[in-house]
Amino acid sequence: MPTNSNGNDEPGPSVKDDELYEKLRDEGNSKEKSARIANAAASSSRSEVGSRGGSSPAYEDWTVEELRERASELEVEGRSSMTKDELIDALREH
């Protein structure tokens, strides 16, 4: 695992549930997504976090313009030249 700015392997002081964060990172989730989920779980319970997820249509149902707007919000690089499938992959990996 890469070291943080403090020079150690800890995820950082902003992560409230280190164990869950590490599990999510091991599963291949991004640092940002892992921290967001771990912190949400620490604020309530792990089972509540999974059950209260939002309802949004699948990325495949979005238009390319909608996907680019979301990619822009997340600052995905190269989004303007990506195909719909590439945008979907980039958003899922973010």
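The values are calculated or read from the model by the stated rules, or taken from the named source; none is laboratory data. Computed from a predicted structure; not experimentally measured. Using ideal geometry, Cβ is built from the backbone for each residue, glycine included, and neighbour counts are taken over all protein chains shown.
For the range 15-29, give me each residue that is assigned to a helix (DSSP H, G or I) and buried (at least 18 other Cβ atoms within 10 Å of the Cβ). Reasoning before the result, please.
Filtering the range 15-29 down to residues assigned to a helix (DSSP H, G or I) leaves 18-26.
Residues satisfying the conditions are LEU20, TYR21, LEU24.
Among the residues of the range 71-89, write down those that are under 19 Å from ASN29 (Cα atoms), assigned to a helix (DSSP H, G or I) and in contact with a helix residue (DSSP H, G or I) (Cβ under 6 Å, 6 or more places away or on another chain).
Hits for the range 71-89 are ALA71, LEU87, ILE88.
Please count how many residues of the range 71-84 are over 24 Å from ALA41 (Cβ atoms) and surrounded by 11 or more Cβ atoms within 10 Å (Cβ to Cβ).
Within the range 71-84, the first condition is being over 24 Å from ALA41 (Cβ atoms), and the residues that meet it are 71-72, 75-84.
This time we only want the ones that are surrounded by 11 or more Cβ atoms within 10 Å (Cβ to Cβ), so: 71-72, 76, 79, 82, 84.
Counting residues in the range 71-84 that are over 24 Å from ALA41 (Cβ atoms) and surrounded by 11 or more Cβ atoms within 10 Å (Cβ to Cβ) gives 6.
Inside the range 33-73, can you point out the residues that are modelled with pLDDT of 90 or more, under 16 Å from the mean Cα position of the chain (by Cα) and of a type in the set (A, V, I, L, M)?
LEU67, ALA71, listed by residue number.
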